[in-house]
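Here the structure comes first, spelled out in structure tokens, and everything after it is commentary.
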Amino acid sequence: NLRANVWTVNEGAQLRHTHREQEELYLVLEGTAQIEAGGKLYKLGERDTVVVPAGMAHQLSNIGVGPLTYLAVAAPAVSNDMICD
């Protein structure tokens with residue numbers, strides 16, 4: 001009842017969005033990320049995680065040098081759940 005994807009984004013990339021129903025866990029595999037969620041900033045290095053509740057707007061940014069690779073796990077596994085801001 002969950003979905004999981006591995007993503008790689010370029011240095012400086014940002015994505016702000018919200019999920020209607022899905023809670024989402026981010027795990028950094030390589031690089032450095034910053035996630036803004038609920039008015040708080042989280043800086044994540046390799047093997048760091050953060051969970052974002054459903055309905056909370058959040059922005060993931062690659063603040064490191066070089067690419068950022070991360071695992072995103074979300075539940076429940078519904079399609080078309082993302083709203084881009």
Q: Identify all residues within the stretch 50-81 that are aliphatic (A, V, I, L, M) and open to solvent by 20 Å² or more (accessible area, probe 1.4 Å); write none if there are none.
A: 51, 54, 56, 57, 63, 65, 71, 73, 75, 77, 78
Q | Hits in the stretch 5-46 (condition: small (Gly, Ala, Ser) and touching a Gly at 6+ places or on another chain (Cβ under 7 Å)) | A | 31
Q. Any idea how many residues of the stretch 41-85 are in a loop (DSSP other than H, G, I, E, B) and either more than 17 Å from residue 16 (Cα to Cα) or touching a helix residue (DSSP H, G or I) at 6+ places or on another chain (Cβ under 7 Å) (or both)?
A. 12
Q. On the given criteria, is residue 35 open to solvent by 50 Å² or more (accessible area, probe 1.4 Å) and not basic (Lys, Arg)?
A. no
Q. Restricting attention to the stretch 55-73, does a residue exist that is free of Cβ contacts under 8 Å to residues at least 60 places away in the same chain and farther than 20 Å from residue 13 by Cβ?
A. yes
Q. Inside the stretch 1-22, can you point out the residues that are open to solvent by less than 70 Å² (accessible area, probe 1.4 Å), at pLDDT 90 or above and assigned to a strand (DSSP E or B)?
A. 3, 4, 5, 9
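The values are calculated or read from the model by the stated rules, or taken from the named source; none is laboratory data. Values in this document were obtained by computation on a predicted structure and should not be read as measured data. Cβ coordinates were reconstructed from backbone atoms using ideal geometry, including for glycine residues, and neighbour counts include every protein chain displayed. All accessible areas refer to the heavy atoms of the entire protein, side chains included, with ligands and DNA or RNA removed. Shrake-Rupley method; radii C 1.70, N 1.55, O 1.52, S 1.80 Å.
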